[in-house]
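The values are calculated or read from the model by the stated rules, or taken from the named source; none is laboratory data. The shown structure was predicted, so the numbers you read here are calculated from the model rather than taken from an experiment. All Cβ positions, even for glycine, are placed from backbone atoms using ideal geometry, and neighbour counts span all protein chains on display. To get the accessible areas, we keep the full protein, side chains included, count just its heavy atoms, and leave off ligands, DNA and RNA. Shrake-Rupley method; radii C 1.70, N 1.55, O 1.52, S 1.80 Å.
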Amino acid sequence: LEALARRQHQVVTREQLLALGFSAHAIAHQLKTGRLHAVHRGVYAVGRRELSRRGEFMAAVLRCGPTAALMGDSAAMLWRIRPDRPGRPIEVSVGRCDRRVPGLVVRRQRYRRTVRRYGIPVTSLVCTFVDLTVRLPEDELEAAVSAADISGLIDASNAGPG
C-alpha cells in the first residue's frame, strides 16, 4: 500500500485497495482509525488528510476513471506554465462517459493526447495550449508559451499531434 500511495502522491482508490487484498471491512476500519481519509467517493488519502497539490490533482484524475487526465488550467498548473490557483475547481478530461463529480469540472474530449507528468495523467503540452487558446487573453497565452519555452518544455517530443 505504501509504495502505491507514494507513486500516486499519497492517494489510492477503493478498487486498488480491494486488488491489494483489503476487504470492505478493512477499508472501513482504516477510515475509522484515520489511516485513510476520503477525498472523493472511492478515492482516499493515505496517512494524512492533507494532500499536496499533486495529490489533489491525482485524486481528481483517479476519481474520474481510467480515461481521465488533467486539462485546461489544471494541466497548465501541472506543466508549470500558469500560476497555481488553489481553490479553483480542478479540470479533468475524460475520453468516454461523462461523470458529474462535485468540486471538479469534467469535460468529455474525444481527440486528445495524454501523457504523464509526475506520474499524473495530463493532456499533452500541445493539447493544453489548445485548451488555453480559447480561454485566455492573448497576453496570458503568450506568457504561458514563454514559460514553457524558458522551462525547456517546448521540443520535438511535445510537438506531436494533439
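When the chain is described by a simple charge dipole with +1 on each Lys and Arg Cβ and -1 on each Asp and Glu Cβ, the residue from 1, 127, 95 located farthest towards its positive end is 1. Peptides 126-137, 75-86 ordered by packing proxy, namely the average of other Cβ atoms within 10 Å per residue, highest first: 75-86, 126-137.
Exactly which GluC sites (Glu not before Pro) in the stretch 21-102 are in a DSSP loop and have at most 16 other Cβ atoms within 10 Å? When the GluC sites (Glu not before Pro) of the stretch 21-102 are filtered for loop state and at most 16 Cβ neighbours within 10 Å, 50 remain.
Adding -39500 (n - 2.57) for every DSSP H run of four residues or longer, then dividing by how many residues the chain holds, sets the calculated 222 nm ellipticity at -11000 deg cm²/dmol.
Shape of the stretch 35-100 from the C-alpha gyration tensor: oblate (a/c of 1.5 or more and a/b not above b/c, with a ≥ b ≥ c the square roots of its eigenvalues). Using only Cα atoms, locate the centre of the stretch 69-94 and the centre of the stretch 1-56, then give the distance between them in Å, rounded to an integer. Cα centroid of the stretch 69-94 versus Cα centroid of the stretch 1-56: 22 Å apart. Ligands, DNA and RNA are left out, and with a 1.4 angstrom probe the accessible area of the chain is 56 Å² per residue. In terms of accessible area, using a 1.4 Å probe and ignoring ligands and nucleic acids, 118, 44, 111 rank largest first as 111, 118, 44.
Of the beta bridges in the chain, as assigned by DSSP with both residues counted there, near 70 percent are antiparallel. Using a probe radius of 1.4 angstrom, the carbon and sulfur fraction of the accessible surface of the chain is 53%.
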